[in-house]
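Since the structure comes first, as C-alpha cells, the remarks are kept for the end.
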Amino acid sequence: MNEVVLGDCIEELAKLPDASAQLIIADPPYNIGPAFGIDKEWNRSHEWIPWSKKWLTEAERVLAPGGSIFVYGIHHYQCFIQVLLYELGLDYRRQIIWNYENGWSRSTKTLATHYEPLLWFSKGEDYTYHTIREPYKSTERLKNKIIKNGKVWTPHPDGRMAGDVWQFPTLAGRRFADERVDHPTQKPLALTDRIVNHFSNPGDLVVVPFSGSGTELVSASRNGRRYWGCDIKPEYVRLATERLNSEEADPGLLDQAN
Ligand SMILES: C[S@@+](CC[C@H](N)C(=O)[O-])C[C@H]1O[C@@H](n2cnc3c(N)ncnc32)[C@H](O)[C@@H]1O
C-alpha cells in the first residue's frame, strides 16, 4: 500500500485494518489558530481534546503490536496528548525535544521558542529501535587513552548514543529554499528520516494521519517503507503527491540543500 488519501483522518483511519501499521507519525493541528473556528482558548481546548481522543483511538487500533507512534505538538498542550496515549494503554517511551537554534520570538514579554515536544509511545515492549549515534562533542579528549572502570574505553566509530534532545534546524531561511514547499508547518526531511530509519524496518507500513506537504511520506518512501497518508485539504494531498513523484523519479532531489 502506498497512497495519500483526501479526507478526515478519523474517517479514513477507520478504513485501515487493525494492527496494520508498524509506525505512525502524527503531526496534528496543535490547538492554536483557528482550526476549530472558535476564538476563546478554553473553548478551543474543550473541542480539541475530545477530537484528539477520536483520532488517537483509531491510530491505536491501527498500530501493530511492537509498533511505535510519534506525535508532534506544542508545549502548551502536549500534556493532553500524553494523557490520552496513556489512557489508550500505549507504553510511554520518551518525550523527545526537537530543539532548533533558529527559533523565533513573537513577543519581548516571554521566552523565544526553541523546541517542539515529540512524544514516542509504543504498543508493548517489543518495539523497534535501531540505535542512533551522533558525533562525539569533543574529539580532543579522544586523542588520549581513556580508562573507564579500570578498562580501556574505545570510542565508537559512529559516535556517542543519541539522547532525547534532537537538534535539527527548522526549514527557515535561504539555506533550505530548495527543500521548502508551500505548506506553513512543513517538517525537515532530516528529522523525519531519523524517525523512519531508527524506529521501523524496511517494508514496514508507515501511517501519517496528517500528511500536509508529505514530508513523512517522502521519508518512508525513500527509506524503503510502505506508506499511507491522509489530509483534509485537496491542495495538500496534491502537494504531497507531487513531492512523492519527484522523490521517486529522482531520489535525493528534495534535500539537495543539505
Ligand atoms: C501540522 S500539519 C502537517 C505538516 C506535515 N508534517 C509536513 O511536514 O508537511 C497538519 C495537517 O493536518 C491537516 N488536517 C487538519 N485536520 C485534519 C483532519 N481532520 N484530517 C486529516 N488532515 C487534517 C491540515 O490540512 C495540515 O496539512
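Some points to look at:
- Candidates are the residues of region 178-195 that are under 16 Å from the mean Cα position of the chain (by Cα) and more than 23 Å from L6 (Cα to Cα); the one that is surrounded by the fewest Cβ atoms within 10 Å (Cβ to Cβ) is A190.
- All positions within region 124-157 that are without any contact (Cβ under 8 Å) to a residue 24 or more places away in the chain and polar (S, T, N, Q): S138, T139, N144, N149, T154
- F168 vs. criteria of a type outside the set (D, E) and in contact with a Pro (Cβ under 7 Å, 6 or more places away or on another chain): yes
- Residue match in region 123-135 (condition: more than 23 Å from the chain's Cα centre (by Cα) and at positive phi): no
- Check on G212, of a type outside the set (S, T, Y), away from the ligand (no atom under 14 Å from the Cβ) and at positive phi: no
- Taking the listed residues T139, T192, T131, the one that is over 25 Å from Y115 (Cβ atoms) and polar (S, T, N, Q) is T139, with no other qualifying.
- Taking strands (runs of 3 or more DSSP E) as the structural unit, those lying wholly within region 67-171 and holding at least 2 residues that are at pLDDT below 95 correspond to 91-104, 113-122, 146-148, 151-153.
- Of all residues in region 158-172, those that are open to solvent by 60 Å² or more (accessible area, probe 1.4 Å) have Cβ atoms under 8 Å from Cβ atoms of residues that are among the polar types (S, T, N, Q) and not in a loop (DSSP other than H, G, I, E, B), 6 or more apart or on another chain, in V165/N99; Q167/N99.
- Residue count for region 215-231 under the criterion of being among the hydroxyl-bearing types (S, T, Y) and within 12 Å of the ligand (Cβ to nearest atom): the result is 2.
- Answer from S138, S200 - the residue that is surrounded by 14 or more Cβ atoms within 10 Å (Cβ to Cβ), out of contact with any Asp or Glu (no Cβ under 9 Å at 6 or more places or on another chain) and of a type outside the set (K, R): S200
- Residue match in region 102-121 (condition: loosely packed, with under 11 Cβ neighbours inside 10 Å and among the β-branched types (V, I, T)): yes
- Among residues of region 197-209, those that are within 14 Å of the ligand (Cβ to nearest atom) and more than 17 Å from E248 (Cα to Cα), counted: 3
- Cβ-Cβ under 7 Å pairs, at least 6 apart or on other chains, region 1-22 side over 14 Å from E216 (Cβ atoms), far side open to solvent by 30 Å² or more (accessible area, probe 1.4 Å) and near the ligand (Cβ under 8 Å from one of its atoms): G7/I232; D8/I232
- Whichever residue in region 204-224 is touching a Leu at 6+ places or on another chain (Cβ under 8 Å), within 21 Å of K54 (Cα to Cα) and of a type outside the set (G, A, S) and, among such residues, is surrounded by the most Cβ atoms within 10 Å (Cβ to Cβ): V207
- Region 232-250 - residue that is modelled with pLDDT under 95 and acidic (D, E) and, of those, farthest from the ligand (Cβ to nearest atom): D250
The values are calculated or read from the model by the stated rules, or taken from the named source; none is laboratory data. The model shown is predicted, which means the values in this text are computed figures rather than measured ones. Methodologically, a virtual Cβ is constructed for each residue, glycine included, from the backbone with ideal geometry; neighbour enumeration extends over all protein chains shown. Please note that ligands, DNA and RNA were not included when accessible areas were found on the heavy atoms of the full protein model with its side chains. Shrake-Rupley method; radii C 1.70, N 1.55, O 1.52, S 1.80 Å.
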